[in-house]
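Visitor: For reference, the structure I am asking about is given below.
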Amino acid sequence: AHDSRLGPDDTLPARIIALSANAIEQFGDIHSPSARINLVARATNTAPGSITLGSAASIDVAGQWVNDSTLVNGGNPGVAERFLDGGAVSLLAQGDLTLDAGSEIDASAGATAGENGRTRSGRAGSIALASAIPNQNTLTTLDLRGELRAYGFGTGGALRLTGVGFRVAESSSA
């Protein structure tokens, strides 16, 4: 089985990031405005797939906040590339999926203050989390102690949870 480890100094500058392995452990930051992040942990004949976001891990696909005012750009209109919409994060584990306390996933909308003074907002993105082994009723754990965000202007983003069944319980203290 292959393990993929994303460390604290790893950067993935792309609009679409897809990673598939038996076990995925992320301990650092993935930051790519408006991107689509797809992490898939596939089960093998000998082991279920698993995804873990450590306590300092974050996946940030939130839209950018851009100020195009000529007052802050030396009298010139802003020319920065704009990624205002929140992106999409999909974590699919054919086994356990764990978001440790302190971990974060953010797919919130961004906005721009235009050179004319008007504000334009992006749309909030989506977060999809799945913990299930296909065609089996095997119990898996979807442990969500991390923070999920997909804030927007007017409407928020989407959250989709997939599993064989769910039990909502108070988190235990160690």
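Derivation of every value follows stated rules applied to the coordinates shown; laboratory data play no part. In this text the structure is predicted, and so the values were computed from the model without any measurement. No Cβ is skipped: glycine too gets one built from the backbone with ideal geometry, and neighbour counts run over all protein chains shown.
Visitor: Under a Cβ-Cβ cut-off of 13 Å, what is the net charge of the residues other than residue 169 that fall near it, where Lys and Arg count +1 and Asp and Glu count -1?
Guide: Result for the neighbourhood of residue 169: 0.
Visitor: Show the residues, 5+ positions off or on another chain, whose built amide H is closer than 5 Å to the amide H of residue 30.
Guide: It is 58, 59, 60, by chain and number.
Visitor: Which of the GluC sites (Glu not before Pro) across region 112-174 are loop residues per DSSP, with 10 or fewer other Cβ within 10 Å?
Guide: Taking region 112-174 and a limit of 10 other Cβ atoms within 10 Å, the loop GluC sites (Glu not before Pro) found are 170.
Visitor: Now for a different question. Collect residues whose amide H, placed 1.01 Å from N in the peptide plane, falls under 5 Å from the amide H of residue 147; neighbours closer than 5 in sequence don't count.
Guide: Long-range HN contacts for residue 147: 102, 103, 104, 105.
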